[in-house]
Amino acid sequence: MTREEQLNLFLECLEEGNRRRCLNLVREWEQQNLPDEQLYNDIIIPALVRFGSDWESNRKGIVEEHIATQIIKAVLAYKAATLTPRHTRDRTALVGCVPEEQHDVASLLMANALEADGWQVLLYGGSVPRHDLVESVRRIKPDLICLTMKSIAHLEPTIKLLTELRKVSPDMKIMIGGNSMPSVRSILAEYADVIADDFRQGTEAAARL
């Protein structure tokens, strides 16, 4: 079965809202030695993009989009529970969304990728108040904070957050992913150590940091 055929089959299961069938497909592909990276990049992410596009163009309602998102989160939770790290790193990464960003699937994907690479991951998911996140960084002292950002609307609060994080934890590394707009990337590059285009680049950059 080609990757396109696998994607179409997964999309069919999402269309049905069939969580059990989606999980069974993932288990079947595991037995066929499908790498997690290909599952994420060739199936999970394109499926999310397809459903998001269909919702934005009114081909699907918000309920259908939420059902698909919850199924994908269940798949990622299963992958997190069953993964075997490739390395052991004595490093901690705090992973979640930038302020006001609630689309946390990219954070779940990044958390899985970092855990597979041996990081101890603390995943907080969707947006939390900026003050609380800064205070948690002060207490936890992670080696890395990995933030995902989908919308340009969250740029201003994100810059405020990054500025505060640099003050409270100057040695902590900062990585941002999820937004491909060149203008936004050039602005964020002034405040972050890494702007990651995908999960492979993110894990490789994290290991170097």
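If you scan segment 119-175, which residues turn out to be out of contact with any helix residue (DSSP H, G or I) (no Cβ under 8 Å at 6 or more places or on another chain), among the basic types (Lys, Arg) and farther than 20 Å from Leu209 by Cβ?
Arg139
When you check Lys60 against the structure, is it crowded, with 16+ Cβ neighbours inside 10 Å, among the basic types (Lys, Arg) and not assigned by TED's automatic domain parsing to the domain that holds Met172, yes or no?
Taking the combined requirement at face value, the residue satisfies it.
Within the set of pairs 6+ apart or on separate chains, which have a first residue in segment 118-142 that is at positive phi, a second that is exposed (fewer than 15 other Cβ atoms within 10 Å of the Cβ) and polar (S, T, N, Q), and C-beta atoms under 8 Å apart?
Listed pairs, sorted by first residue: Gly118/Thr88.
Residue check: is Ile140 surrounded by fewer than 18 Cβ atoms within 10 Å (Cβ to Cβ) and within 25 Å of Pro46 (Cβ to Cβ)?
No, not satisfied.
Within the set of pairs 6+ apart or on separate chains, which have a first residue in segment 156-177 that is not assigned by TED's automatic domain parsing to the domain that holds Glu204, a second that is among the aliphatic types (A, V, I, L, M), and C-beta atoms under 8 Å apart?
Every condition considered, no pair remains.
If you check Arg50, Arg27, Arg20, which single one turns out to be out of contact with any Phe, Trp or Tyr (no Cβ under 7 Å at 6 or more places or on another chain), assigned to a helix (DSSP H, G or I) and surrounded by 15 or more Cβ atoms within 10 Å (Cβ to Cβ)?
Arg50 is the lone residue from the list that is out of contact with any Phe, Trp or Tyr (no Cβ under 7 Å at 6 or more places or on another chain), assigned to a helix (DSSP H, G or I) and surrounded by 15 or more Cβ atoms within 10 Å (Cβ to Cβ).
The values are calculated or read from the model by the stated rules, or taken from the named source; none is laboratory data. Keep in mind the model is a prediction, meaning the values are calculated, not measured. Heads up, the Cβs are rebuilt from the backbone with ideal geometry, glycines too, and the neighbour counts pull from every protein chain shown.
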